[in-house]
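Reviewing the structure listed below.
The values are calculated or read from the model by the stated rules, or taken from the named source; none is laboratory data. If you're wondering where the values come from, they're calculated on a predicted model, not measured in any experiment. Ideal geometry is used to build each Cβ from the backbone, glycine not excepted, and the neighbour counts take in all protein chains shown. Just the protein is used for accessible areas: all its heavy atoms, side chains included, with ligands, DNA and RNA removed. Shrake-Rupley method; radii C 1.70, N 1.55, O 1.52, S 1.80 Å.
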Amino acid sequence: MKKADPIPKKSQTQKDLDKEYSKLVQDMRNESPLCEVKIKGVCTGIMEGLHHLQKRTRKNLCDRNNVIRACNACNSWIEKNPLEAMDLGLSISKHKKQ
Ligand SMILES: [Zn+2]
């Protein structure tokens with residue numbers, strides 16, 4: 001039996017990215033603490049994190065143009081309703097023609 005590998009530690013790049021992302025969240029909260037998604041009947045109104053318009057990748061994770069302020073309720077609504085989210089412009093497919 002092979003010995004189980006230890007859980008790999010986060011790479012330095014990943015750590016830097018995490019740091020940059022936390023700073024972005026903080027900066028945006030400082031500018032305005034309100035949720036921008038505002039799904040009717042769902043939204044709690046207060047920003048709790050960021051929603052990525054385009055599926056997050058390492059490259060666009062901290063791209064201001066790709067994130068909007070979101071409360072947890074709106075965030076999970078978007079996850080559960082991907083088609084409606086796309087209709088509302090909250091979810092952008094990379095392959096969509098401009
Ligand atoms: Zn909301």
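Please tell me which of these pairs span more than 25 angstrom C-alpha to C-alpha: 15/55; 10/94; 23/59? Working shown, then result.
Numbers: 15/55 20 Å; 10/94 28 Å; 23/59 16 Å.
Beyond 25 Å between Cα atoms: 10/94.
What part of the accessible area of the stretch 16-87, given as a whole %, is carbon or sulfur when the probe is 1.4 angstrom?
50
Once the chain from residue 79 to residue 46 is taken as fully extended at 0.36 nm per residue, the excess over their C-alpha distance is 10.1 nm. Counting only cysteine Cβ atoms and a cutoff under 4.7 Å, the chain contains unmatched residues 43, 62, 74.
Probing with 1.4 Å while keeping every protein chain in the model, the per residue accessible area of the chain equals 78 Å². Among 26, 57, 81, whose Cα projects farthest towards the positive end of the dipole of the chain, with charges put on the beta-carbon of Lys, Arg (+1) and Asp, Glu (-1)? The residue sitting most towards the positive pole is 57. On a per residue basis, the convex hull of the C-alpha atoms belonging to the stretch 16-87 measures out at 82 Å³. Along the stretch 36-42 the Karplus relation, 6.51 cos²θ - 1.76 cosθ + 1.60 evaluated at θ = phi - 60°, assigns HN-Hα couplings of 9, 6, 6, 6, 4, x, 10 Hz to successive residues, with x for each Gly and Pro. Our summary gives the chain a relative contact order of 25 percent, counting only alpha carbon pairs under 8 angstrom and 6 or more residues apart.
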